[in-house]
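S.K.: There's a structure below that I have some questions on.
The values are calculated or read from the model by the stated rules, or taken from the named source; none is laboratory data. From a predicted model like this one, the values you see are computed outputs, not experimental measurements. Methodologically, a virtual Cβ is constructed for each residue, glycine included, from the backbone with ideal geometry; neighbour enumeration extends over all protein chains shown.
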4 protein chains.
Amino acid sequence: MMARRRTDDKRQRILDAAVQVFASKGFFASRVSDIASAAGIADGTVYLYFRNKDDILIKLFDDVMGVHLEAARQEIRAADNALDHLRIIADHHLGLLGRNPELAVVFQVELRQSTKFMELFTASWLKDYFDLVEAAIAAGQSEGTIREDLSRKLATHAFFGALDAIVTSWVLARNAFDLTELAKPVVDLFLTGAAASAAAVVAKPRRALKSAGGR
Amino acid sequence: MMARRRTDDKRQRILDAAVQVFASKGFFASRVSDIASAAGIADGTVYLYFRNKDDILIKLFDDVMGVHLEAARQEIRAADNALDHLRIIADHHLGLLGRNPELAVVFQVELRQSTKFMELFTASWLKDYFDLVEAAIAAGQSEGTIREDLSRKLATHAFFGALDAIVTSWVLARNAFDLTELAKPVVDLFLTGAAASAAAVVAKPRRALKSAGGR
Amino acid sequence: MMARRRTDDKRQRILDAAVQVFASKGFFASRVSDIASAAGIADGTVYLYFRNKDDILIKLFDDVMGVHLEAARQEIRAADNALDHLRIIADHHLGLLGRNPELAVVFQVELRQSTKFMELFTASWLKDYFDLVEAAIAAGQSEGTIREDLSRKLATHAFFGALDAIVTSWVLARNAFDLTELAKPVVDLFLTGAAASAAAVVAKPRRALKSAGGR
Amino acid sequence: MMARRRTDDKRQRILDAAVQVFASKGFFASRVSDIASAAGIADGTVYLYFRNKDDILIKLFDDVMGVHLEAARQEIRAADNALDHLRIIADHHLGLLGRNPELAVVFQVELRQSTKFMELFTASWLKDYFDLVEAAIAAGQSEGTIREDLSRKLATHAFFGALDAIVTSWVLARNAFDLTELAKPVVDLFLTGAAASAAAVVAKPRRALKSAGGR
DNA sequence: AATGAATGAGAGTTCATTCAT
DNA sequence: AATGAATGAACTCTCATTCAT
């Protein structure tokens, strides 16, 4: 029952080939024929499975995010506190990309080609991802482990941004360090902050920036 | 009929035009002739000031970063504590881009076209920026306001990543909120963390991720 | 609507079109799109058969020389004396170009654009041609019909040069005379010389040229 | 008296620079600015002395041919027999180019870019050169040293072609042999022919070429 | 379903020439 | 006379996409 059809296999082969090709040459420099030959099929066959070259990148993101968001959601459901939710998300985020360096290149760099793509992704799966983070933060606030006075949106972006910057750094450093093991320290930093003590943070009055317009 | 003196501001006019054109059409879709006509000059003139289209983007980044890093450095020199250094950096980061939405589009999206650009920028000005942040964190550790047990590299990436994610969000939300005023809350979050109390963060044992290889 | 089979004669149609176009506009002024439309195909199709514009010219020369050198060689093999070898070569040389005025333009003018082409051709087929002439001269020396004291290299160049100059003249005179029928008189001149008698050639002492350097 | 104006000097510097630049990069690849900077002047100055880039090549040929044809004519006037006229012409031809390898490159290769140039040169100085050769041959026929039954046109082209082919060969061989000393053997070959004896040349009947049209 | 030959639009860049100074 | 900044036309080649087989 539910035996995969031969064509499903071909679809996946195209996506796998695309990751390799995009990662090594970049999206723009990659030709559809590169992907086709890496997948062992004819150029035209690509168009039986994808609308166009952009569509390959979009579907690639869709597939991977779909699977991994679901996996993260399931694990979250089984966790009993909100801080663990954040740890699970960070583990998944760094784990997925840390285990797939080529995919990381595609996600950190190639996927951000243009506002067109960015808006598309931000509106779909990435929104789901942000919602997941924000829900965890809200849950933390409910259970009293996360500060009430925190903007959930801001915190969500800070949480995502910290992970994202680290992955990009890892990609550009050509995987020179272990990405996965950074999940814990990042979450810890997010939760406890960088300051040595609350007292230290009390800001002394400071001259305001002369924020004249233009640059 | 038109003055032909090298004292012209042509170089700057090209850069200004490029920001507008790149922001509205994207780097790849922008033709050199679009930039030239936006700058009110002939196509070929662009090549008297820049080696090629890539070079415009590179020089744009160089110029802006050069000016603003120096401004930030000067202000930092006048500040008497490390936490203010971080506040200054965040103010400049969000202030610069918040006052120049088109520039923000270019910096958040167009500049990240390819590993080629990313590596180039990461190796030059962005490295200087990271060094500035890292120096502030190190100074905080010296003066006792920032935790000693914190990885400076990790903290630097988390700090930058939080700001960066917020700017990107602001860009994709088409400037729907005030970016500049987020500097303070972001730095506060970075310093004090999201947790309600240190006690809350003590992690309970959690099932390890089934980190099977591949994706 | 149009058969898309690789069995097509497209390669030959491109070469034929190229001869016409090159002959009428010159190699540099000829656009690839001129050749494509003369061949009744799309611009891009040219690049399925040839690497670039230069390659068309190179392959054109290759094809024609390949066929005609072989034809000349076969006829030479059937001839029983060396002087006939020279006559066969001259017949072929003037015959081929005399029957194909556009090809003659390409061979006499367009093919000599640059040292790049010249060196390329001189190193390949033209070398074969020169070898053929030199072999005929050597054979004549063996059989006693050609002077032993003659430099074969010099004679080869003189033989080729005489034919070549005549073809160029015919091309520039826009085919104003019959080229083919000049084969016999050229070979006769090459063999018997211009002097009325051997006695006439005895040189009287002559002032040496004042060969000061520079020009 | 007749002191050269400064500008005449500049004209000559441009021509000298052009020979070097054309010889090393080829006419098409040579930029006017290359010539200008080799001559130590501004780009625009070239156009005070020459109409355009083509004009430089044309005037270069004009100047050199003007001087050398006149020199050859003077020497011929002082010679008392027609065969010496031919020897003088060959000496000049090979001497001029043999002493100026860069000029030889320009004359043998760059000058033959297009039918446009070829026709131009053939109609002007080259015609004078051919007339000089033809006059020498006619004089030889008058004085009985050159065969009466020889086509003067054909002989002229054969004579020129032999010299020309040798120079081209010398250029492509990167001046690997002494060009000047070939003048005598070339003229000797032209006068006495390659055949060992007149008897040897009597052609046996030979199959006609199957001169079908097309190629 | 699969193929791959054919299509043709599209743009970066060069450089001969001009002309205000 | 000399300069050199500015001009803008010109053109090869690539490659995503189509569609007859």
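S.K.: Report whether or not residue A:184 is surrounded by fewer than 19 Cβ atoms within 10 Å (Cβ to Cβ) and in contact with an Asp or Glu (Cβ under 9 Å, 6 or more places away or on another chain).
M.R.: Numbers: surrounded by fewer than 19 Cβ atoms within 10 Å (Cβ to Cβ): yes; in contact with an Asp or Glu (Cβ under 9 Å, 6 or more places away or on another chain): yes.
So residue A:184 passes the test.
S.K.: Looking at B:27, B:117 in this structure, which one is in contact (Cβ under 8 Å) with a residue 40 or more places away in the chain, within 22 Å of residue B:171 (Cα to Cα) and not in a helix (DSSP H, G or I)?
M.R.: Numbers: B:117 fails: not in a helix (DSSP H, G or I).
Within the list B:27, B:117, the selection yields B:27.
S.K.: Which one is modelled with the lowest pLDDT among residues in the range D:204-214 that are at the interface with another protein chain (Cβ under 7 Å from one of its Cβ atoms) and surrounded by 10 or more Cβ atoms within 10 Å (Cβ to Cβ)?
M.R.: Top of the filtered list is D:211.
S.K.: Continuing with the same structure: From the list A:91, A:84, A:43, which one is within 14 Å of DNA strand E (Cβ to nearest atom) and either in contact with a Ser or Thr (Cβ under 6 Å, 6 or more places away or on another chain) or within 30 Å of residue A:181 (Cα to Cα) (or both)? Walk me through how you get there before you give the answer.
M.R.: Working: A:91 fails: within 14 Å of DNA strand E (Cβ to nearest atom); A:84 fails: within 14 Å of DNA strand E (Cβ to nearest atom).
Exactly one of A:91, A:84, A:43 is within 14 Å of DNA strand E (Cβ to nearest atom) and either in contact with a Ser or Thr (Cβ under 6 Å, 6 or more places away or on another chain) or within 30 Å of residue A:181 (Cα to Cα) (or both), namely A:43.
S.K.: Across the range D:165-198, what is the total count of residues that are in a helix (DSSP H, G or I), without any contact (Cβ under 8 Å) to a residue 24 or more places away in the chain and facing chain C (nearest Cβ under 9 Å)?
M.R.: First pass over the range D:165-198, keeping only residues in a helix (DSSP H, G or I): D:165-172, D:180-192, D:198.
With the extra rule that they be without any contact (Cβ under 8 Å) to a residue 24 or more places away in the chain, the set shrinks to D:165, D:169, D:172, D:181, D:185, D:188, D:192, D:198.
Next, only the ones that are facing chain C (nearest Cβ under 9 Å) stay: D:165, D:169, D:172, D:185, D:188, D:192, D:198.
Here the count works out to 7.
S.K.: Let me ask you something else. Do we have residue D:190 as among the aromatic types (Phe, Trp, Tyr), out of contact with any Asp or Glu (no Cβ under 9 Å at 6 or more places or on another chain) and within 12 Å of residue C:154 (Cα to Cα) here?
M.R.: Numbers: among the aromatic types (Phe, Trp, Tyr): yes; out of contact with any Asp or Glu (no Cβ under 9 Å at 6 or more places or on another chain): yes; within 12 Å of residue C:154 (Cα to Cα): yes.
Judged against the criteria, residue D:190 is a match.
S.K.: Can you tell which of B:51, B:73 is away from DNA strand E (no atom under 16 Å from the Cβ) and basic (Lys, Arg)? Explain how you work it out, then say what you get.
M.R.: Values: B:51 fails: away from DNA strand E (no atom under 16 Å from the Cβ).
Step by step, each of B:51, B:73 is checked, and only B:73 is away from DNA strand E (no atom under 16 Å from the Cβ) and basic (Lys, Arg).
S.K.: Okay, moving on. Just need a number here: residues in the range C:140-181 that are surrounded by fewer than 19 Cβ atoms within 10 Å (Cβ to Cβ) and among the small types (Gly, Ala, Ser).
M.R.: 5
S.K.: I need the full set of residues from the range C:138-164 which are over 16 Å from the mean Cα position of the chain (by Cα) and within 7 Å of chain D (Cβ to nearest Cβ), in order please.
M.R.: Step one: filter the range C:138-164 for residues over 16 Å from the mean Cα position of the chain (by Cα), giving C:138-155.
Those that are over 16 Å from the mean Cα position of the chain (by Cα) and within 7 Å of chain D (Cβ to nearest Cβ): C:144, C:145, C:146, C:147, C:150, C:151, C:154, C:155.
S.K.: Right, next: Looking at the range B:1-15 only, could you name the residues that are within 13 Å of DNA strand E (Cβ to nearest atom), at pLDDT below 95 and surrounded by 14 or more Cβ atoms within 10 Å (Cβ to Cβ)? Quick ask: steps written out before the conclusion?
M.R.: Here is the first cut: in the range B:1-15, the ones within 13 Å of DNA strand E (Cβ to nearest atom) are B:1-8, B:14.
Still in the running and at pLDDT below 95: B:1-8.
Correct list: B:8 only.
S.K.: Now a separate question. Which of the residues that make up the range B:98-114 are modelled with pLDDT of 90 or more, assigned to a helix (DSSP H, G or I) and at the interface with chain A (Cβ under 9 Å from one of its Cβ atoms)?
M.R.: If we filter the range B:98-114 for residues that are modelled with pLDDT of 90 or more, which is where we start, we get B:98-111.
Next, from what is left, pick out any that are assigned to a helix (DSSP H, G or I): B:98-99, B:101-108, B:110-111.
Passing the criteria: B:98, B:99, B:103, B:105, B:108, B:110.
S.K.: Filter the range A:120-133 down to residues that are hydroxyl-bearing (Ser, Thr, Tyr) and assigned to a helix (DSSP H, G or I) and give me whichever is farthest from residue B:30 (Cα to Cα).
M.R.: Keep residues of the range A:120-133 that are hydroxyl-bearing (Ser, Thr, Tyr), which gives A:122, A:124, A:129.
Filter again for assigned to a helix (DSSP H, G or I), leaving A:122, A:129.
Details: A:122: 23, A:129: 32 Å.
Selected residue: A:129.
S.K.: Could you please let me know if residue D:18 is at pLDDT below 95 and within 14 Å of another protein chain (Cβ to nearest Cβ)? Lay out the reasoning, then the answer.
M.R.: Numbers: at pLDDT below 95: no; within 14 Å of another protein chain (Cβ to nearest Cβ): yes.
In short, no.
S.K.: Looking at B:97, B:83, can you tell me which residue is touching a residue at least 40 places away in the same chain (Cβ under 8 Å), assigned by TED's automatic domain parsing to the domain that holds residue B:141, more than 18 Å from the chain's Cα centre (by Cα) and buried (at least 19 other Cβ atoms within 10 Å of the Cβ)?
M.R.: B:83
S.K.: So, one more: Please find, among A:55, A:128, A:63, the residue that is closer than 25 Å to residue B:172 by Cβ and within 11 Å of chain B (Cβ to nearest Cβ).
M.R.: On the way: A:55 fails: within 11 Å of chain B (Cβ to nearest Cβ); A:128 fails: within 11 Å of chain B (Cβ to nearest Cβ).
After ruling out the rest, the residue left standing is A:63.
S.K.: Within the range C:24-37, count every residue that is under 25 Å from the mean Cα position of the chain (by Cα) and either more than 14 Å from chain D (Cβ to nearest Cβ) or away from DNA strand E (no atom under 13 Å from the Cβ) (or both). Walk me through how you get there before you give the answer.
M.R.: Applying the first criterion (under 25 Å from the mean Cα position of the chain (by Cα)) to the range C:24-37 yields C:24-32, C:35.
Retained after the next criterion (residues that are either more than 14 Å from chain D (Cβ to nearest Cβ) or away from DNA strand E (no atom under 13 Å from the Cβ) (or both)): C:24-27, C:29-32, C:35.
Final tally of qualifying residues: 9.
S.K.: What is the residue count in the range A:60-80 for residues that are free of Cβ contacts under 8 Å to residues at least 24 places away in the same chain and of a type outside the set (Gly, Ala, Ser)? Outline the logic, then answer.
M.R.: So in the range A:60-80, the residues free of Cβ contacts under 8 Å to residues at least 24 places away in the same chain come out as A:67, A:70-71, A:74-75, A:77-80.
Filter once more, so that each one left must be of a type outside the set (Gly, Ala, Ser): A:67, A:70, A:74-75, A:77, A:80.
Residues that pass the stated criteria total 6.
S.K.: Return the pair list, or none, for Cβ contacts closer than 7 Å from residues in the range B:45-59 that are part of a loop (DSSP other than H, G, I, E, B) to residues that are away from DNA strand F (no atom under 13 Å from the Cβ) and of a type outside the set (Lys, Arg), at least 6 apart or on different chains.
M.R.: Correct list of pairs: B:50/B:56.
S.K.: Collect the residues in the range A:28-77 that are of a type in the set (Gly, Ala, Ser) and more than 14 Å from DNA strand F (Cβ to nearest atom), keeping them in residue-number order. Walk me through how you get there before you give the answer.
M.R.: At the first step, the residues of the range A:28-77 found to be of a type in the set (Gly, Ala, Ser) are A:29-30, A:33, A:36-40, A:42, A:44, A:66, A:71-72.
The answer is A:40, A:66, A:71, A:72.
S.K.: If you check residue D:34 against the conditions, is it over 30 Å from residue D:142 (Cα atoms) and modelled with pLDDT under 95? Quick ask: steps written out before the conclusion?
M.R.: Details: over 30 Å from residue D:142 (Cα atoms): yes; modelled with pLDDT under 95: no.
Answer is no for this residue.
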